[in-house]
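Below is one structure, written out as structure tokens, with a few remarks after it.
The values are calculated or read from the model by the stated rules, or taken from the named source; none is laboratory data. Please read all numbers here as calculations on a predicted model, not as lab measurements. Cβ placement follows ideal geometry from the backbone for every residue including glycine, while neighbour counts extend to all protein chains displayed. Just the protein is used for accessible areas: all its heavy atoms, side chains included, with ligands, DNA and RNA removed. Shrake-Rupley method; radii C 1.70, N 1.55, O 1.52, S 1.80 Å.
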Amino acid sequence: MQPLSPLVLQDRPAPNVELLRRHGWSVANVTGSYCVAWRGRDEVVFEWRDTGWHRVGGRGAPDAA
């Protein structure tokens, strides 16, 4: 990787899975900026953007953390 690569220059905050847990979600897997979490019968894929989680897919749970 080059020192001036866009991958090096991006200073993004790390995904905060505690935000999901505070809203009652159980975190199954975190890969990069994506997270699979469940609550009851709902299983949802979230994406970490800027400083929050946004639902991108899954079954159930129309409200996101």
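Tally time: how many residues in the range 11-31 are closer than 15 Å to D50 by Cβ and open to solvent by less than 80 Å² (accessible area, probe 1.4 Å)? Explain how you work it out, then say what you get.
Filtering the range 11-31 for residues closer than 15 Å to D50 by Cβ gives 11-16, 19.
Adding the requirement that they be open to solvent by less than 80 Å² (accessible area, probe 1.4 Å) leaves 13-16, 19.
Number of matching residues: 5.
Can you report the number of residues in the range 14-63 which are in a strand (DSSP E or B), small (G, A, S) and at pLDDT below 95? Lay out the reasoning, then the answer.
If we filter the range 14-63 for residues that are in a strand (DSSP E or B), which is where we start, we get 26-31, 34-39, 42-49, 52-59.
The next check asks that each one be small (G, A, S); those that pass are 26, 28, 37, 52, 57-58.
Still in the list and also at pLDDT below 95: 28, 52, 57-58.
Residues flagged as in a strand (DSSP E or B), small (G, A, S) and at pLDDT below 95 within the range 14-63 amount to 4.
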